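Remarks on the structure that follows.
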């Protein structure tokens, strides 16, 4: 349903930015991908599988716009204006009970961050350049709705990267200004760059899983290790009671002092 992105390592970003032509950078939001459809001024929200989830977000009912289809993301933003997943939209995504939804609106209010214009008044914009789609999107006053805003973008790729990462954001997406919109295809037109960090941690326990193990420690951090590596890591804990590993994670810790999307990278070789 939605356009997919290829990835770029953050350590290669500066070199990429120097040679990038006809590119623009946008803030990479950490929310739920969503398509907003406006018909007869009524709003419908479809998730990435095409399911109607409008009932989950009573912030959106009507908007004084012509018939429009917009690609974007439903987000909860923190006090720094950065969208957050575990401490934010995760508390809204799967709610079904009307009472719980009503309560969550007060604690975790959402905004729709618009990325792209797909249709406007029965005109299909998918096969028009991205710059044209964005220019038209900026003319239809979508931000008159208090819970809708356009994604922040800049031609200064490194400048936006530094701004986002200093605030603890997930990263940026680099887009080709001349490219069309492709449904469900991974294209070079969109390149995502995440703020990935590495941290060394100790683990003193594990849980056996079908494909490997899940490492655990006294700080309640859990990291999955699969395949052959899991056997070596497991043996070290069995023999020594503890293992020292490097994990990768996104940006800063959450407000609950947890690492965001931690993944196992390697064993740490201890100095003798």
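Given their separation in residues at 0.36 nm each and the Cα-Cα distance between them, residue 147 and residue 224 gain 24.0 nm when the chain is fully extended.
So in the chain, what percent of DSSP beta bridges are antiparallel if you round to the nearest 5? Beta bridges within the chain, antiparallel portion: roughly 90 percent. Among 167-175, 219-227, 73-81, sorting by the average number of other beta carbon atoms lying within 10 angstrom of each residue, highest first, gives 167-175, 73-81, 219-227. Averaging the sequence gap over all C-alpha pairs within less than 8 Å and six or more residues apart, then dividing by the number of residues, gives the chain a relative contact order of 20 percent. Each label point was placed 7 Å from the Cα along the Cα-to-Cβ direction; for residue 54 and residue 16 their separation is 3.7 nm.
Between segment 43-121 and segment 182-240, how far is it from one alpha carbon centroid to the other, in angstrom? What the calculation gives is 30 Å, centre to centre.
Quick check on segment 150-258: take the gyration tensor over C-alpha atoms, sort the square-rooted eigenvalues as a ≥ b ≥ c, and tell me if it's rounded (a/c under 1.5), prolate or oblate. It is prolate, given that a/c is not under 1.5 and a/b is the larger ratio. Remark: the residue 79-residue 266 segment gains 63.9 nm on full extension, using 0.36 nm per residue and subtracting the alpha carbon distance. By how many degrees, 0 to 90 and rounded to 10, does the Cα axis of helix 98-107 deviate from the longest principal axis of the chain? It works out to around 80 degrees. When its C-alpha radius of gyration is set against 2.2 N^0.38 Å (N residues), segment 197-267 gives a value of 1.04.
Note on the chain: GNM, Cα springs under 10 Å; of 258, 146, 28, the largest mean-square fluctuation is that of 146. Distance between the pseudo-spin-label points of residue 163 and residue 232 (7 Å out from Cα toward the beta carbon): 4.3 nm. Helix-only arithmetic for the chain: the sum of -39500 (n - 2.57) across DSSP H runs with n ≥ 4, divided by the residue total, places the mean residue ellipticity at 222 nm at -5000 deg cm²/dmol. Along its principal axes, segment 147-194 has C-alpha extents of 32, 28, 18 angstrom, given from the largest down.
Extension gain, residue 208 to residue 94, is 38.2 nm, computed as 0.36 nm per intervening residue step minus the present C-alpha separation. Classify segment 1-147 from the C-alpha gyration tensor, please: rounded if a/c falls under 1.5, else prolate or oblate depending on whether a/b exceeds b/c. It is oblate, given that a/c is not under 1.5 and a/b is not larger than b/c. Shape analysis of the chain based on the Cα gyration tensor places the equivalent ellipsoid semi-axes at 38, 23, 16 Å, largest first.
Sorting 111-119, 13-21, 229-237 by average packing, meaning the other beta carbons within 10 Å per residue, from highest down gives 111-119, 229-237, 13-21.
Rank 194, 131, 102 by mean-square fluctuation in a GNM of the chain with C-alpha springs under 10 angstrom and give only the top-ranked residue. Its mean-square fluctuation being the largest, the pick is 102.
A short reminder: the numbers here are calculations on the coordinates, not readings from a lab. Remember, predicted model here, so these are calculated numbers, not experimental data. Glycine gets a Cβ as well: all are built from the backbone with ideal geometry, and neighbour counts include every protein chain shown.
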